[in-house]
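One structure is given here, and the rest of the page talks about it.
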Amino acid sequence: MDSILRGKTIFVVEDEYFIAADLSRALVNAGAEVIGPLADLDAAMKRAREHSLDAAILDINLEGRMSYPLVDLLGEDNVPMLLLTGYDQGSLPAACRQAPCICKPHSIDHVLGELARLLARPEGASEPVPLPSRPAAV
């Protein structure tokens with residue numbers, strides 16, 4: 001997985017501090033350059049326009065604001081996205097259903113594995129990925 005992420009510019013947009021910090025640290029340890037993390041939709045929209053991105057990890061709900069405009073913006077630039085959400089994938093707009101989703105709560109290893117899988121897709125492949133079921137309570 002490290003080799004796929006090494007040298008990639010990954011945009012992290014997540015409003016939960018510990019998740020954002022853990023994701024960023026793990027990405028840097030895997031050799032990626034991290035843009036963010038950002039928790040504010042307006043700041044994320046601005047930053048997305050300023051950088052060339054290899055992929056993005058986005059929380060759907062940012063401090064009560066839905067990140068759909070950011071999904072649309074990144075989609076226009078064909079930036080592969082991995083969405084983090086507590087919402088049912090069927091309730092998301094069509095643009096969001098085209099991106100792989102990971103249901104919260106999740107492990108950092110799971111997120112990095114899905115991101116590596118996303119980056120390993122042939123260019124132009126955009127098959128929707130079903131939302132995994134929630135892990136069983138332990």
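Phi-derived couplings, Karplus 6.51 cos²θ - 1.76 cosθ + 1.60 at θ = phi - 60°, listed residue by residue for the stretch 42-57: 4, 5, 5, 4, 4, 5, 4, 6, 8, 10, 8, 10, 8, 6, 9, 10 Hz, with x used for Gly and Pro. For Arg121, no residue whose modelled amide H falls within less than 5 Å of its own remains once neighbours fewer than 5 places apart on the same chain are excluded. Working note: Debye formula, equal point scatterers on the alpha-carbon atoms of the stretch 2-120, no solvent; log10 I(q)/I(0) at q = 0.11, 0.21 Å⁻¹ is -0.29, -1.23. Backbone amide hydrogens, once placed in the peptide plane, bring Met81 within less than 5 Å of Ala56, excluding anything fewer than 5 places away on its chain.
Among DSSP beta bridges lying fully in the stretch 2-120, give the percent that are antiparallel, nearest 5. Roughly 10 percent of the DSSP beta bridges within the stretch 2-120 come out antiparallel.
For Asp59, what charge total do you get from the other residues with a beta carbon under 10 Å from its beta carbon, if Lys and Arg give +1 and Asp and Glu give -1? Once all neighbours under 10 Å are counted, the net charge is -3.
Residue-wise HN-Hα couplings along the stretch 60-67, as the Karplus relation 6.51 cos²θ - 1.76 cosθ + 1.60 with θ = phi - 60° gives them from phi, are 6, 10, 10, 6, x, 10, 6, 8 Hz; Gly and Pro carry x. Restricting to Cα pairs below 8 Å that are 6+ residues apart, what does the relative contact order work out to for the stretch 2-120? Please round to a whole percent. This gives 24 percent for the stretch 2-120. From most to least packed by mean Cβ count within 10 Å, the peptides 53-65, 23-35 give 53-65, 23-35.
Read-outs: derived from the displayed coordinates by stated rules, not from any lab. What you see is a predicted model; the values in this text were computed from it and never measured. Glycine also receives a Cβ, built like all others from the backbone with ideal geometry; neighbour counts cover every protein chain displayed.
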